[in-house]
Every structure is written in C-alpha cells, then in structure tokens.
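**Student:** Below is a structure I'd like to ask you about.
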Amino acid sequence: MGLGLLSSRTLLRSGKLRPGIFTPLLRRSIVSTSELQNAEAAQAQPDSPPPDLPKRTPVGGARVHFPNPEDAIEVFVDGYPVKIPKGMTVLQACEIAGVDIPRFCYHSRLSIAGNCRMCLVEVEKSPKPVASCAMPALPGMKIKTDTPLAKKAREGVMEFLLMNHPLDCPICDQGGECDLQDQSMAFGSDRGRFTETKRSVVDKNLGPLVKTVMTRCIQCTRCVRFATEIAGVQDLGMLGRGSGEEIGTYVERLMTSELSGNVIDICPVGALTSKPFAFKARNWELKGTESIDVTDAVGSNIRIDSRGPEVMRILPRLNEDINEEWISDKTRFFYDGLKRQRLNDPMIRGPDGRFKAVSWRDALAVVAEVIHQVKPSEIVGVAGKLSDAESMMALKDFLNKMGSNNVWCEGNGPSPNADIRSGYIMNTSISGLEKADVFLLVGTQPRVEAAMVNARIRKTVRAAQAKVGYVGPATDLNYDHEHLGTGPQTLKEIADGRHPFSSTLINAKNPCIIVGAGVFERNDKDAIFSVVETIAESAKAVRPDWNGLNVLLLNAAQAAALDLGLVPESGNSIESSKFIYLMGADDVNLEKIPEDAFVVYQGHHGDRGVYRANIILPSSAFSEKEGTYVNTEGCAQTTVPAVPTVGDARDDWKIIRALSEVAGACLPYDSLTAIRSRMRTVAPNLLNTDERQPAIFSYSLKPESRQEMSTVPFGTAVENFYMTDSITRASKVMAQCSASLLKK
Amino acid sequence: MAHLMKNLKVPPNSTSREEARKRTFDFFRLACRSIPNIMEIYNLDDVVTPSQLRSTVASEIRKNAHVTNPKVIDMLLFKGMEELKNFVDHAKQRHHVIGQYVVGRKGLVQDLGPKDEGISNFLKNFYSSNYS
C-alpha cells in the first residue's frame, strides 16, 4: 500500500499528469490484494500460525483433562489454535496454550473473584479488555495477550496497586518471592507518577502463627476465600469500601483453624507472613529439600528450607493425591522443636541416678552385655511414632535374632492384626474421598487427627453436598455433619437398620466409612470392626470398583510397622520384661515397666522416654535421615536428609546394626541398599515410593469374631492437636499455639 | 637445636631395613628431646602435656609402620625431620601445632589396638561418624 502512494506522488510531481483529471489509479493509492477482493474467502480461512513456531505446551507441563472429549472447543490464543474443554475460562485456555497471564486474586483452587484486574487480555470484538480469570472461553474466540492494549492495561493496574503499597521491600519477608515484585518487573511500567501520601492500615492480630502487616495488603481476597471455602472458618472478611478496604476479623479473634498457615503461601504480597519465620532469612539463601512430613499419618509432601545446619521453614509441595497444596499448621511450624531438647551423645545413667555422657563403644558394650544376661522372653522392643521403616526392620530382625518376638509399634494397640492389609489402611485413597457421597466417621475426629484428610472431606461435602454422619464424642468439624451417637450402641443400631442414618447409607452410591485408629486401643476392637463390616456389607461399600471401608491412622510409623509385621506375641509383655528397647517411643505407659528392667532409649529428643531410661542412644530426626514412611492410604514415601545430624547422633538402623555386631548377633546388611533389599523380602510395597499400593484382599477373609462389644463410648485419640509427638512437644511455637489457639 | 644441626646434611640412603629402623628410632628420640623446647616456644603448657605430644609423634610414625622399602623410609624420615625443624625454628606457629598435632587426637591409645581387630568396616565407620 505504501508503494502505491509513493508511485502516485512521483507521477504527480513529474508533471505528466495534471491534477484535476480524475485518474482512479492515482487517487486511490490502495494496493489491492486477493483478500480484499474476495470477502468470503478471507473469513473462511483462519490465520494459521507460522509453520516454524514450536508447538505450544501448557504452562508448567500440566496435563489437560477432558471430562467430555466431544465437548472440546477451539479458541485462538495469540493466533495459535488450542483445544480446551468446555467451561474453561480464558485464563485457563491461555495456560493450556502455554501463555502465563499475570494475576493476583485468581487461584486455581479458590473461587473466582476478578477484583485485581491484572489478568486483563484483549479479546477480539470486545469493546474493552476482559478479565480472563472470569470470562468463560467461547468457541472461536480470538484471545490476544501481547497487544499494546493488554500491556497498557497491565501497566495501569500495576501502577494503581503500587500507589498505596508501602516501600517495605527491604524489611518485608516476602521479598525475593513476592508476586508483586516479580510482576512489576515483568509487566509494570518503569516510572511512577504518584506524588500524594499513601494510606496505611492498622495491623490485625491473627495469632502466634500469622504475622500481618495490613498496609501491604492489595485486597485480592485470596485469604478470605481460602478461609471460607477450604478451611471452613469464616474468620476473615473485607471491611469497608474503596481505598478504605481492610481485611480482618471484625471482632478481636485469632485464626484458630488448623489450616491457617496456608494463607501465608496464598497471600501474593507480604501482608500475611509467617510469624516464627519473621526476619529470619531471605528465600535465596535457603536450600530446599523435598521431604515428607511425619507429624501425622497423612505424609504430606513438604519442602524443608534450610540454611546450613538449621531448618528455617517448611513449605508445602504439590501432590494432587495427598495434600494438594496445603499443609496443616502443625506440619508448617513445628520445625523449631528440632532445635530444642536434642540428644547428641550416648549417655549412661550412673548409680546416683544422673546421666553421664560416654562414647559409643562403651554404650554399645554395656547394652550388649545386659542383653545377654536376660532371657529371650523378657526382651521387649517398642518402635515409636516417628520411626522409619528401615529402623523398624532392623529392630525386628535384631530382636528376633536375640530370640524375642515382642516388638510392636506405638499406636497399634495390644493385639494388632497385620494379616489383612485392608484392615488398617485407607482403602479409598485420599484423592478417592472426593468421589464419595456419604461419610460415616466412627471414633475419629479427622480435624485433629489428619487435617488434610479433613480438608478433602470438606471439599467433597462442599462440591457434591455429601452427607456426613459422625459417631463419637462431641466435636466440631468444619462442615455440616450429623452427630449420630457417642458409643458402639449407635453402630449396632445402624448395622441393624434401626437408625435413620442406615437408609442414607444404603441409598448412597459411594458410601465411605472411616474408622479411627483410636479404636485399636480398645479391648472390644474386633467386635467394633465386625459391626462396621456388617454396616459396610449392607451399604455395599466394598465392591470391585469402590472400597469404602477405611481406617484412619494416627502416626507416621503405624502403616509401615504393620506392613513389616511388627506384631507382639503377647499383649502385656512389658510387665514381665527385663530389657526394654524404646526406639523413639514416648507414649509407652512408663508405670507399667518393672523397677528392675533395663531400659534403652534410642531417639532424638529428650521427651518422656528418657526419664525412665538407663541408657540413651542418640539418633537422627526425620529431617536428617533418609527413611521410608508409609502414609495412611498405603503410599510409601521417603524423607531426604536436609540438615546434618546433631552432635554424635547416628541413624536409627545403623545403631541397631552396630549393636547387633557388638552383641554377637550381627545383622546381614550394612548399607541402605542392603537393608532395603531386606525390606523387599518382607514388604515389597515399601520400595515402590510415591506409588499407592491398594490392598488386595477385603475383610471377607477375616474369621468371625465372637467378642462382646462394650458400651464404653468412643474417646478422643488426639487431645491436643499441637502437641502429639516428641518434636512438637519440644517446640516453642507449638506451645504458644496450644496455649492460645486451642478451643477450650 | 644443636642436635638438629647434625642432621642438616642429608645422609646417604640406608642400606638395609635394619639401618632404616635404627634411623627411625634416632628420629623419634630426637623429636622427644625437642618436645620441651617446642612447648616453651609455643606456650603449650596449658594445652598439652609432653607425654601426649610424645604419643602423637609415636602414632604418626606408627601410621607408616607398614612401609618396607628403605628408600621410602628415608624419604619419610626426611619429611619428618623437615616438619620437626620447622617447629623448632619457630617457622610454624602455635595454631599449626595445635591444629595438626593436638586437636582430634583422642583415638591415640585406641589407634589400631587389640580390641579393634575383630570389628567390621561398618562398625569402624560407625564409631567415627554418621556419614562414612
């Protein structure tokens, strides 16, 4: 077109053609092309992307799930055609096409708010830019994300956000990992025009875990939506309007929810940060190690951020099947217990009752001597809540070699049944809970026992209006539930069909029954399980395609212990024992131990067990060793060492292997691979890490139990959510939480 | 100091193992006689006792007890003599003495003693540290 104009000018100047004569060729210096001539042909041909561009892959290597493959629609993102499922928003379509659109208020797991306006993109045939997070993608839409209009929109939004944002970057904990910093560098303009004074907001006290600097808040409302939707508490809200908007609790309340720490991750700016981590480190000095949480049986995936020998903070890792992106407060903040009350030297209790630090040689020599003076039937071993599978394997092997079969794990009760796997794991996997439509909770309070399982149940209740029936002591769950009763009598009524809830169960498509591991400690455990199995049969909960009969475990070590076969010979072997080996076991009833018994405590914290111990052998905590843990749904995962061991401590299984050699009953493995191949001969599923191994046989193989059910109502297995094991009991932050945040 | 000057000139190689053995013992005696001097130079009275230093020297010599070649023994003695001369001449400093020959010498008596003969590699590594 330009050339035509040029040629007409030269022709006019040359004087050959006088102006005034109508020459259509010169006046209209439009170059004519075939598209202009043929209007229909142009519309039918879409702009095809230049053939040499690489194929676009979704952002972050995500997979796209098409629930209805016939319903896929095609949109064009920056000229590139992409197929998306129906119902997706423009932002999600761009994500599939590989374009990451900046956003502050949108989060894939929360409802859509659309109030930050940072995700504005240009859509053809639309008078103004659209908020891509809220606009559903229609077929044939042409989305443009890199036009000058979209860029100007982003710069403008950034300018507005930064107007009232304080200049806190040097003192803000979020510096280095702040969405506002990153997006202003990438999408903001280089200069500001703000010359007035900024507004400031008073800080709110949300408890000992979440530090608030509300001046930095950009009112994205992510925290409000998280608290109402996922945590189930309606603590936070937006007060006021316009520039006077404040996020807070309207009354002076602390955030008592067990998921309150996740708002720290969700907040894109430094308004909500971690109080224990305040001013401690910058994110670029930290080394992240991917590991597993051991405070409860869920096995949430975490990332331990450490600086040198110290754990600085714990962040969640994405695992869609287990914990999505959230972790409970206990998991997030208990790490300061790893620095207190640590055992770092072997110690022997002298005749005056005081401990004396000795060398490993002497300590192991003393233990070996004592163990040979005792009869095999008087040797007892107890594995603790935080023991990994390798150390439990070594303990069982060693004690079996010494002639004793009284090894068990805490929390499994006096007579655990490890034969049928489906009797002690969560057969509906944690992600499978989303498909259930009726829940029956028996003797379990998932909110304090396994917070992530509770979050999943709440997600199902919200999304599918699932019904929840609860049998146990009065407790508050953050979703609507029916309190059916407090004791086993209610279970009998449901099994016989006399209870109104039985009909709900029978009519359910996917019923899910969850029994808590607190039932293991009861004397009538078999009777209760047989009643529950009757209920499951009448509700058709166990089918080839759906197994709804679950057990919710309490400790990280229980499932692996039962997989490895840590079942004691007799239930009350402690009262008649002379040699007790406590491997991190603090919940053993110390009164039951006889006065003349020799107690060896092998652990990492000086908790309850050491008060009765005669010898202390220091071992490493979960953040310092590579151990295999099986979670409540039967998925084996390994922790990775993030920090070096404290003092003279050793790994648990290494101590037992060294002890076996000194005692003359040498175990046949001396490296991690060797002990793992030994584990493979016993329980091969422990080696398949990150894979959930479902149970093959159902309860129908169990023999009939003739036990009488007692009328004692169900109790609470977890009294204090914040202090459940040796590390959490040693933590100052957990002590503050249990003092201020527990509901009295 | 004076007795060290004698060994300045490099002696010819020892002809046999017995002569090398004799030279080793002479070196050890030389070192032990210089120890009070070294303790005075570097003010080690509060840090170690002469007996501990003697044990340290002995263990260093014992570390190479497995060597049989007289020429190699001569070379090791030459290097040992050089170290000793450095310390006696105050060419090294206090932190060298302490760091190289005082700290971390707990295993002196237990160094390859009779009770360690029957234990496996695993147990030896276990006693020393968690990461071996």
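The values are calculated or read from the model by the stated rules, or taken from the named source; none is laboratory data. Computed from a predicted structure; not experimentally measured. Note that each Cβ is placed from the backbone with ideal geometry, even for glycine, and that neighbours are counted across all protein chains shown.
**Student:** For A:VAL263, work out the one condition from (1) outside any strand (DSSP E or B); (2) surrounded by fewer than 19 Cβ atoms within 10 Å (Cβ to Cβ) it doesn't fulfil.
**Tutor:** The one condition A:VAL263 does not meet is (2).
**Student:** Being farther than 18 Å from A:VAL269 by Cβ and either of a type in the set (Ser, Thr, Tyr) or outside any loop (DSSP other than H, G, I, E, B) (or both), is that true of even one residue in segment A:175-191?
**Tutor:** yes
**Student:** Condition test on A:TYR722, is it in a loop (DSSP other than H, G, I, E, B) and within 14 Å of chain B (Cβ to nearest Cβ)?
**Tutor:** Answer is no for this residue.
**Student:** Which is more than 19 Å from A:ASP173 (Cα to Cα), at pLDDT 90 or above and either not acidic (Asp, Glu) or not in a loop (DSSP other than H, G, I, E, B) (or both), of A:THR273, A:THR289?
**Tutor:** A:THR289
**Student:** Looking only at segment A:568-595, how many residues end up being farther than 11 Å from A:ARG612 by Cα, out of contact with any Asp or Glu (no Cβ under 9 Å at 6 or more places or on another chain) and either modelled with pLDDT of 90 or more or β-branched (Val, Ile, Thr) (or both)?
**Tutor:** Qualifying residue count for the region: 2.
**Student:** I'm told A:GLU196 meets every condition in (1) over 26 Å from A:GLU252 (Cβ atoms); (2) within 33 Å of the chain's Cα centre (by Cα); (3) not in a helix (DSSP H, G or I) except one. Can you identify the failing condition by its number?
**Tutor:** Against the list (1) over 26 Å from A:GLU252 (Cβ atoms); (2) within 33 Å of the chain's Cα centre (by Cα); (3) not in a helix (DSSP H, G or I), A:GLU196 comes up short only on (2).
**Student:** Name the pairs: first residue in segment A:462-473 and closer than 29 Å to A:VAL712 by Cα, second residue exposed (fewer than 14 other Cβ atoms within 10 Å of the Cβ) and small (Gly, Ala, Ser), Cβ to Cβ under 6 Å, at least 6 apart or on different chains?
**Tutor:** As it stands, the answer is none, since no pair meets every condition given.
**Student:** Count, please, the residues in segment A:182-223 that happen to be out of contact with any Asp or Glu (no Cβ under 9 Å at 6 or more places or on another chain), free of Cβ contacts under 8 Å to residues at least 60 places away in the same chain and β-branched (Val, Ile, Thr).
**Tutor:** 2
**Student:** Can you pull out every residue in segment A:705-742 that is free of Cβ contacts under 8 Å to residues at least 40 places away in the same chain and among the small types (Gly, Ala, Ser)?
**Tutor:** A:ALA735, A:SER738, A:ALA739
**Student:** If you don't mind, there's one more thing I want to ask. Can you find a residue in segment A:342-357 that is without any contact (Cβ under 8 Å) to a residue 60 or more places away in the chain and within 14 Å of chain B (Cβ to nearest Cβ)?
**Tutor:** Yes, segment A:342-357 contains a residue that is without any contact (Cβ under 8 Å) to a residue 60 or more places away in the chain and within 14 Å of chain B (Cβ to nearest Cβ).
**Student:** A:THR249 versus (1) within 25 Å of A:LYS330 (Cβ to Cβ); (2) in contact with a helix residue (DSSP H, G or I) (Cβ under 6 Å, 6 or more places away or on another chain): which is the lone unmet condition?
**Tutor:** (2)
**Student:** Here is a further query. One residue is enough: does segment A:204-215 have a residue meeting the conditions within 29 Å of A:SER738 (Cβ to Cβ) and among the basic types (Lys, Arg)?
**Tutor:** Checked segment A:204-215: at least one residue is within 29 Å of A:SER738 (Cβ to Cβ) and among the basic types (Lys, Arg).
**Student:** Give segment A:624-643 a look and list any residue that's facing chain B (nearest Cβ under 10 Å) and not in a loop (DSSP other than H, G, I, E, B), or say none.
**Tutor:** A:GLU624
**Student:** Moving on to the next point. Would you mind stating whether A:VAL646 is surrounded by fewer than 24 Cβ atoms within 10 Å (Cβ to Cβ), within 14 Å of B:ASN130 (Cβ to Cβ), of a type in the set (Val, Ile, Thr) and within 14 Å of chain B (Cβ to nearest Cβ)?
**Tutor:** The answer is yes for A:VAL646.
**Student:** If you don't mind, another one. Mind checking which residues of segment A:658-695 are assigned to a loop (DSSP other than H, G, I, E, B), more than 14 Å from chain B (Cβ to nearest Cβ) and either among the hydroxyl-bearing types (Ser, Thr, Tyr) or touching a residue at least 60 places away in the same chain (Cβ under 8 Å) (or both)?
**Tutor:** Of everything in segment A:658-695, those that are assigned to a loop (DSSP other than H, G, I, E, B), more than 14 Å from chain B (Cβ to nearest Cβ) and either among the hydroxyl-bearing types (Ser, Thr, Tyr) or touching a residue at least 60 places away in the same chain (Cβ under 8 Å) (or both) turn out to be A:ALA683, A:THR689, A:PRO694, A:ALA695.
**Student:** Let me ask something else about it. Given the conditions (1) touching a residue at least 24 places away in the same chain (Cβ under 8 Å); (2) within 14 Å of chain B (Cβ to nearest Cβ); (3) touching a strand residue (DSSP E or B) at 6+ places or on another chain (Cβ under 8 Å), and given that A:GLY381 satisfies all but one, which numbered condition is not satisfied?
**Tutor:** Here A:GLY381 meets the rest and fails (2).
**Student:** From A:ILE494, A:ILE506, grab the single residue that is among the β-branched types (Val, Ile, Thr) and surrounded by fewer than 19 Cβ atoms within 10 Å (Cβ to Cβ).
**Tutor:** A:ILE506
**Student:** Taking the stated definitions as given, is A:LEU364 surrounded by 19 or more Cβ atoms within 10 Å (Cβ to Cβ), farther than 23 Å from A:GLN736 by Cα and within 14 Å of chain B (Cβ to nearest Cβ)?
**Tutor:** Here the answer is yes, as A:LEU364 does meet what is asked.
**Student:** Right, something else. Answer yes if at least one residue in segment A:243-255 is in a helix (DSSP H, G or I), modelled with pLDDT of 90 or more and more than 19 Å from A:MET118 (Cβ to Cβ), and no otherwise.
**Tutor:** Checked segment A:243-255: no residue is in a helix (DSSP H, G or I), modelled with pLDDT of 90 or more and more than 19 Å from A:MET118 (Cβ to Cβ).
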